[in-house]
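Before any comments, here is the structure.
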Amino acid sequence: MTSGPNRHYIPQALMRGFGRSTKSGKAVQVVAYFHDGRVVPTNTKNIGSARNFYPDSVDNKITDYENTILGKVLKKLRDSSVGTEVNAQEASELVVHLSTRQAEIGAFFSVYFRYFIDIYLSETVFNKKFLIKITGMNSRNYGFGKFALDKMYKTSNGFFKESKVPKIILDFVALSMFRRFLSKKIDDLLPEMRESLEQDVLSKIEDIAHQSHIDFLEKNIVSVDRLNYIKGFVWRIENHPQTAILPDCIALYSTDGRKFYSTIVVDHKKAIAVYMPLSHDKILVGRKGGKKIKVPLRINEMAAEQCSLFFVANDLKPEFVKLTQIIGTKARSEIKRIAKASIKKNRRVMRVGTVKRAHDIMQKQLEALIKHSIEKQPSHLEYDPTNKKIRHSFIYDWIIVIFLVFRNRKKSLF
C-alpha cells in the first residue's frame, strides 16, 4: 500500500526524534535550516519529502519496511540506555536503508555529472585548441583542411590552375586563410554550442540522476555490499555532545576518526566509524573492531558540511542559523574532487572516444558552415584581374607563407 502522493525520503519516524513534541503517530514540529539561509518552522509532514518522489512500486516496498522493521528498530534503539551495545544487524541495516533512500543520492549524481561534463567539455568540445586538432584544420591531407582545399579548387573557376603557382604554396596559403576563417567561426560557435548543450543535456541531468536512483531502489532498498561491511562494526548508543541536528545525508562515515563524509562520497570499505543521530540527545555509533574513537565535539558542524540541502533540529538557535552558511560545502568540494579524479584517470580513453565521435558531429556542422560561406560569397575565390585588392591579398598571404616556411623548416607550419 502506498503512503500517498507526499512521499518521504527522510521518514517522519526519524525526524520526530528532533521535534518539540513526541506524540506517537503524529507529525511534530521541527525547524528546517536550508542552504540558502532560510529557517523554516514546520512539521514532519512537510519536510524531507516530495510529491511522488518514489513510484508506487518503490513506495510500497519502503512503506512495508517502515511498518514492519524500521519503526520497531528505531524505537528500540532510542529506548536503549547510553553505553548499550546494540544488535549490529539491526543497527547497520537501519543506517544503510536510511542512507540509501534519501534524496541526497540523486542530488549527488546531479552535481557530479554537472561537474564532470563541465570539466570534461571545457577540455574537449569547448576547447579551441582541441577542436582545431581533431578537425584537421591545420592539415592539407586530413579532415576539414583537405575539405577546404578541395572546395577552394573546385570553386576557383580555374584561377589557381592558370596562376601556375606551385600547389604546395597554394595549399599553405589556402590553409592559412581557412584557419583564420574557421578560427573566427569557432569563436562564434562555442557560446552557442554551450548554450545548446545546457538546454538539451544539462537540464535533463537531474531527471536522469533521479531515475538512476529509482532504478537502484527497484532492486533493493538496502545496499547489500555496504550492509555486509558495516554490520561487522561494534554498535553502541551514546550521548550526543551537542543538541543534535539531523542532516539530510542522515549518517556520517569517517575513514580516520578526523575527517567525515556523507554516504555517497565515501568508500565504505575504508570506513572505520559510522555516526547517525537518533534524537536531539542520542547518537548511534558503529566502530570497526570496537576502535576507541570518540564522537567529535564539532559533529553538528561536520554534519552540516556534508548536507545536500538542509538539516532539521528541535528549536531555533543562533548556532544552528550560523551552520546554514556551511551547508553542503565539504560535500560539493568532495564531489568535484571525485569528478576531477575520474576524468584524470580516464582522460586518454575519453579523448580517443571524443575524437571519433566529435569528428563526425563537427564535420557535418562545419562542412555546412563552410559550404554556406563559400557559396554565399563566391567572389572571395573568383579570379578578377581588375580587382587589385583581391590579388594583393593573395600575394600578401604567399609572402607570409614563404617567410614562415624558411623560418620554421624544422617545425610544423601550423
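The values are calculated or read from the model by the stated rules, or taken from the named source; none is laboratory data. Just so it is clear, the structure is predicted and the values come from calculations on it, not from any experiment. So basically every Cβ, Gly included, is an ideal-geometry build from the backbone, and we count neighbours across all protein chains shown.
Taking (1) surrounded by 21 or more Cβ atoms within 10 Å (Cβ to Cβ); (2) aliphatic (A, V, I, L, M); (3) part of a loop (DSSP other than H, G, I, E, B) in turn, ILE293 satisfies each apart from (1).
Of the residues making up segment 76-92, those that are out of contact with any helix residue (DSSP H, G or I) (no Cβ under 8 Å at 6 or more places or on another chain) and assigned to a helix (DSSP H, G or I) are ASP79, ALA88, GLN89. Across segment 229-236, a minimum of one residue is classified as closer than 20 Å to GLU93 by Cβ, at pLDDT 90 or above and in a helix (DSSP H, G or I).
Close Cβ contacts (under 9 Å, 6 or more residues apart or on different chains) running from residues in segment 70-81 that are without any contact (Cβ under 8 Å) to a residue 40 or more places away in the chain to residues that are outside any helix (DSSP H, G or I) comprise VAL73/ASN87; LYS76/VAL86; LYS76/ASN87. Exactly one residue among LEU217, LEU246, LEU252 is buried (at least 16 other Cβ atoms within 10 Å of the Cβ), at pLDDT below 90 and within 28 Å of ALA32 (Cα to Cα), and that residue is LEU217. For VAL265, indicate whether it is at pLDDT below 90, under 30 Å from ILE293 (Cβ atoms) and either buried (at least 17 other Cβ atoms within 10 Å of the Cβ) or touching a strand residue (DSSP E or B) at 6+ places or on another chain (Cβ under 9 Å) (or both). Yes. Does ALA304 meet the test of being crowded, with 21+ Cβ neighbours inside 10 Å and under 24 Å from VAL73 (Cβ atoms)? Spelling it out, it is not the case that ALA304 is crowded, with 21+ Cβ neighbours inside 10 Å and under 24 Å from VAL73 (Cβ atoms).
Screening VAL73, VAL95, VAL58, VAL31 for residues that are closer than 26 Å to GLY328 by Cα and part of a helix (DSSP H, G or I) leaves exactly one candidate, VAL95. Strands (runs of 3 or more DSSP E) fully within segment 244-290 that include at least 3 residues being in contact (Cβ under 8 Å) with a residue 12 or more places away in the chain and within 14 Å of ALA91 (Cβ to Cβ): 273-277, 282-287. In the set (1) crowded, with 18+ Cβ neighbours inside 10 Å; (2) under 31 Å from the mean Cα position of the chain (by Cα); (3) within 28 Å of TRP235 (Cα to Cα), ALA32 fails one condition alone, (3).
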